[in-house]
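One structure below.
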Amino acid sequence: MSITKNMHFDKLINSTDFKVEYDVIRALNHEGLKKEDYVEICRRLKRPPNRTELGMFGVMWSEHCCYRNSRLLLKNFPTTGPRILVGPGENAGVVDIGDGQKLVFKIESHNHPSAVEPFQGAATGVGGILRDIFTMGARPIALLNALRFGPLDKEKNISLLEGVVAGISHYGNCVGVPTVGGEVGFDSSYSGNPLVNAMALGLMETDEIVCSGATGVDFPVLYVGNTTGRDGMGGASFASSELSKTSIDDRPAVQVGDPFLEKGLIEACLEAFKTGDVIAAQDMGAAGLTCSCSEMASKGDLGIQLNLDSVPAREIGMTPYEYLLSESQERMLFVIKPGSESKFKKLFNRWGLYVEVVGKVLEENVVRVTHEEKIVANIPASALADDTPIEQHILLKSVPDYLQKHWQWNEDKLPEYSDKGIISIENNLFIDWNNVLLKLLDTPTIASKKWIYNQYDHQVQSNTVILPGEADAAVIRLRLQNNFKKELNSNRAIAAVVDCNDRWVYLDPERGSMAAVAESARNLSCVGADPLAITNNLNFSSPENPIGFWQLAMSCKGITKACEILNTPVTGGNVSLYNDTKQADNKVVPIHPTPVIGMVGLIENINNICKKSWVHSDDQIWIIGLPFQVNNKKDPRITLSATCFLEYVHGLKTGRPPQIDMDLEKQVQLFLRTIILKKILKSAHDIGDGGLAIAISESCISSNLGADILLPETNERLDRILFAEGGARIIVSLSDEKVLEFKEIFEAFSILKPNLFSIINIGKVTTEKKLKISKKDKSIINLNIADIEDTYENSIYKRVCN
């Protein structure tokens, strides 16, 4: 900041025109604003702001609302495509899925609220993402979530897990939208800062997409839904700062939700949209009335006049500041056609909801707020919602030191192994291969999440085709909506998934983020879905730390690369920064950078879906993807670096993640979808966390059938064969009768892209209910399916409930 600006600021803070309860410095700190922000606000208003206006700028100029640290990076995402109807900038993305149907979807975070009040923080995260969907005119059809917690050997982390899961299940179950999928990870970096990312999908029930830009000068502005209280005050600013031991004092910044009221709001809004008399709609999420008014005005290049005396309040004596910054839940703002007021009043009253005309559309591009017949705020709408500050960060020119050290690790530093097992680096004790596998299956990040998803209603609405845990992606039938013809194909479905290997992103943000996109598409392909588009939730630490900003920039670069190659545009999402925890000794602990990818895909016929379970005894088991090593040259696309095996068996979180070959990914996935469409496969399962041995185990557990695996003769390390990760690999099963056709289609693909990937027969499905893995004539792993299942299914339960 220049000397001139400093002098101007000093003059302003001594001005007698700014009479508030606190001095300017304390007020700025309270609102999360900088001195430079205050100077800019004064310049735009041509006067100092009053306390209410300062609060409005505080929430709207927070990272949570205006992406002041990340906006320049987000502009590089591919956002257009033949199916994209609405991209970033609206409440949610919209894609054309054919047959006159439109899919609406988005993901958002509620991290900080869940850290201080896990039940309500998670519950209102679900409520907020649902409003983003039905605000567009779509009926919510499914929910997913991506969660991160600290290790479950600490009581605080268990308490956070229990509270978050209870909050998600409470809201989703009561509102009547199925929670059909998700992913959960555990790492010490999340101990003080859990991540709660909620994704929702909806089907349009209106002919026209309902957008948020106001039109029609003097048209009425309608408030509908719940009353306004003091809960959720300053939630947007709270979400844009690091957590500390005093964050518990910010519990009032956490909203309180009512899922039953939201159910009524869904039905009332969809009914209202079908009248054609709703011109624009905006939910009141982060920043409440301030955000909804300013965004509607800014996007419509008009203004909004708001009368706070007409806003339904649940508490007495609320100030303009409290009205405007409240984040009370289940509230919406409409612009409606003149003359339709009484019709909407009857409609929303019938659903037990509040409805009031609270203002009108102005020709002047301002947000003008009155209270008790006085103007309490008068701000250019673009200054709040569009022309917002952008932080300039210097991007590191070289890889940070912490990563350069990690990347020096290689597999040659692993101890010697034998056919029996290996010595763990962590404790210098010998562990046999059976127990290595059981140890990995017992790790909460890998283990079954049944204890979690059994608390969710995943079958309400009766459209869930695949239950949680049965396949690599959730599948929801596209049933007929009220406004579609009966001859519409009702066998079509949408597949959805959320993915992110945060360890990989921590150890290489660009590769790890590319892998998150690739794995999402691979998981969709495993159920036979054609990937369409993504939404993303970028969970990162403070961008004011050079390493934190570098991680964010490299992650965005990786997502952009992967989405461009896979033709999966970004339709929107959320950025959650400042995910750091300040400890008692003032040490700041950042989370693993966690760019969660939510991807959707289309299935034309649900009769062609593949699950991960074996189906019949004697079916052949094959691997599609990169082949095993046949000489001493190691392929960097498959490695033990940065793997679950390295972390959980040897206690090392190090190395560089596998090299991501997007051309390989694209061809493997296309081949997989082709053979699923032709009904050649019985099952398909991505080889992900834990490598080949874990993938085989999961297929055995889900089917209660055994597998007899013969590893190929290769000089590759045994632990690498069993537990390496990467390589765009998928394990599939098929009958003897389908093998010839399987090989013929592979040969056709090989002509176009020779030697890009391989298919390898590694064994067969058995009724013996044992997992047997051998190499040559030596047994490597021999375990009962019952023992594997008990370890896998009860890992989280025994840590939480015992």
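The values are calculated or read from the model by the stated rules, or taken from the named source; none is laboratory data. Predicted model only: the values in this text are computed from it and were never measured. Glycine gets a Cβ as well: all are built from the backbone with ideal geometry, and neighbour counts include every protein chain shown. Only protein heavy atoms, including side chains, enter the accessible area calculation; ligands, DNA and RNA are left aside. Shrake-Rupley method; radii C 1.70, N 1.55, O 1.52, S 1.80 Å.
Calculated from DSSP H runs of 4 or more alone, at -39500 (n - 2.57) each and per residue, what is the 222 nm mean residue ellipticity of the chain, nearest 500?
About -10500 deg cm²/dmol.
Over the Cα atoms of the range 270-309, the radius of gyration divided by the Kirkwood radius equals 1.01; this is the Rg/Rh ratio.
Distance between the modelled labels on N802 and K420, one decimal in nanometres: 2.8 nm (7 Å Cα→Cβ projection). For the chain, the longest principal axis of the alpha carbon atoms and the long axis of helix 785-801 meet at an angle near 30°. Label-to-label distance for S159 and E36 is 3.9 nm, based on points extended 7 Å past Cα in the beta-carbon direction. Any idea which of G32, I687, V361 is furthest toward the positive side of the dipole for the chain, if Lys and Arg beta-carbons carry +1 and Asp and Glu beta-carbons -1? Comparing the listed Cα positions along the dipole, I687 ranks first. Plainly put, the range 264-378 has a radius of gyration that is 0.94 times its Kirkwood radius, both from alpha-carbon atoms, as the Rg/Rh ratio. Measuring max minus min along each principal axis, the C-alpha atoms of the range 519-610 give extents of 58, 25, 17 Å (largest first).
Take the Cβ atoms of K337 and E271, set R0 to 25 Å, and the FRET efficiency comes out at 0.95. Across all Cα pairs in the chain, the calculated P(r) in 10 Å bins from zero up to the longest distance comes to 3, 14, 24, 25, 18, 10, 5, 2, 0 percent per bin.
Here the gap between D412 and S398, fully extended at 0.36 nm per residue and compared with their Cα-Cα distance, gives a gain of 2.4 nm.
Round to a whole angstrom and tell me the spacing of the C-alpha centers of the range 626-658 and the range 504-524. Measuring centre to centre over Cα atoms gives 15 Å. Alpha carbon centre of the range 109-167 versus the range 724-738: separation in Å? Centre-to-centre (Cα) distance: 34 Å. Restricting the trypsin sites (Lys or Arg not before Pro) of the range 624-660 to loop positions (DSSP other than H, G, I, E, B) with no more than 13 neighbouring Cβ atoms within 10 Å leaves K633. Calculated translational diffusion coefficient of the range 197-237 (25 °C, 0.890 mPa s; Stokes-Einstein with Kirkwood radius over alpha-carbon pairs) equals 165 µm²/s.
Relative to the longest principal axis of the Cα atoms of the chain, the long axis of helix 3-13 makes an angle of roughly 60 degrees.
Can you list the GluC sites (Glu not before Pro) in the range 115-221 that are in a DSSP coil and have 12 or fewer other beta carbons within 10 angstrom? Counting only loop positions with at most 12 other Cβ atoms within 10 Å, the GluC sites (Glu not before Pro) in the range 115-221 are E208. Between the beta carbons of D301 and R71, assuming R0 = 30 Å, the FRET efficiency works out to 0.90 to the nearest 0.05. Taking all protein chains into account, the per residue accessible area for the chain stands at 37 Å² (1.4 Å probe).
Let me know the volume per residue of the alpha-carbon convex hull for the range 112-198, in Å³.
78
Using only the C-alpha atoms, the convex hull of the range 661-790 corresponds to 119 Å³ per residue.
The candidates T535, T79, arranged from most to least accessible area with a 1.4 Å probe in the full protein assembly, appear as T79, T535. A simple charge model with +1 on the Cβ of Lys and Arg, -1 on the Cβ of Asp and Glu and nothing else charged puts the dipole of the chain at about 580 debye relative to its Cα centre. Normalised by the number of residues in the chain, the average gap of Cα pairs under 8 Å and 6 or more apart makes the relative contact order 14 percent.
Lys/Arg Cβ at +1, Asp/Glu Cβ at -1, dipole of the range 403-518 taken about the Cα centre: which of P415, P509, I494 is farthest positive-ward? The residue sitting farthest along the positive end of the dipole is I494. A crude spin-label estimate for the pair K753 and R26, with each label 7 Å from Cα along the Cβ direction, gives 6.3 nm.
Please compute the volume of the convex hull spanned by the alpha-carbon atoms of the range 398-489 and report it per residue in Å³.
255
Compared with the dominant principal axis of the Cα atoms in the chain, helix 288-300 is inclined by about 90°.
So, with +1 on the Cβ of K and R and -1 on the Cβ of D and E, and no other charges, what is the size of the charge dipole of the range 341-474 about its Cα centre, to the nearest 20 debye?
My answer is approximately 580 debye.
May I ask which of K450/K798; K738/K764; K102/K263; K611/K764; K102/K337; K738/K772 have a Cα-Cα span longer than 19 Å here? From the list (K450/K798; K738/K764; K102/K263; K611/K764; K102/K337; K738/K772), the Cα-Cα distance tops 19 Å for K102/K263; K102/K337; K738/K772. What the Cβ-Cβ distance of H616 and D790 gives, at R0 = 30 Å and to the nearest 0.05, is a FRET efficiency of 0.75.
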